[in-house]
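Presented below is the structure to which this report refers.
What follows draws every value from the coordinates through simple rules; no lab data is involved. Since the model is a prediction, treat every value here as computed from it, not as a measurement. Backbone-built Cβ (ideal geometry, glycine too); neighbour counts: all protein chains shown.
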Amino acid sequence: MIVRGETRQYRDRHPGPEDVALIVEVADSTLERDRGVKRKVYARAGIPVYWIINLLESVLEVYEEPSGPTEDADYRRRRDYGLSDSVPVMIGGREVGRVAVRDLLL
C-alpha cells in the first residue's frame, strides 16, 4: 500500500481509504479473491488505483477509476501489462515514476 503524506501522520491512526494512493496485491492462489471480493471492496472504498501482480499469468493488472460507494462498485478501467512493459505509478492522477513489470514478476 502506498499512502499519502508523512509517516508521522499515522502514529495515532491507521490510514483510511482517503489516504491510500495505491494498493498492490501479489496473487497466485488468491487470484480469484483478489479479482473478485477485494477488487470490489477497494472500488467501493474509492481506492484510486489497484494493482494485482498476477504470478499465474505473468501479468500486472492495473485497475483505475473506481465507481464509488455502491453495493455493485467496481473499477471502470483495467489495463494489463506484460513482462516487456513498464507501468506508470500514478498518485493523485499524476505519474510519479515507472516500474518495469519484469522486476515485479521475476
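What the table below lists for this structure:
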read-out	value
First in region 79-106 and in a strand (DSSP E or B), second anywhere and among the hydroxyl-bearing types (S, T, Y), Cβ under 6 Å, 6 or more apart	V87/Y81; R98/S86; A100/S86
Residues (farther than 25 Å from R94 by Cβ and crowded, with 16+ Cβ neighbours inside 10 Å) located in region 18-37	A27, L31, D34, R35
Residue check for A45: under 19 Å from V3 (Cβ atoms) and either touching a Pro at 6+ places or on another chain (Cβ under 8 Å) or surrounded by fewer than 17 Cβ atoms within 10 Å (Cβ to Cβ) (or both)	yes
Options L56, L106; residue that is in contact with a helix residue (DSSP H, G or I) (Cβ under 9 Å, 6 or more places away or on another chain), hydrophobic (A, V, I, L, M, F, W, C) and exposed (fewer than 12 other Cβ atoms within 10 Å of the Cβ)	L56
In region 43-78, the residues that are part of a helix (DSSP H, G or I) and under 16 Å from G92 (Cα atoms)	A43, A45
Qualifying positions in region 65-86 - buried (at least 17 other Cβ atoms within 10 Å of the Cβ) and of a type outside the set (F, W, Y)	P66, A73
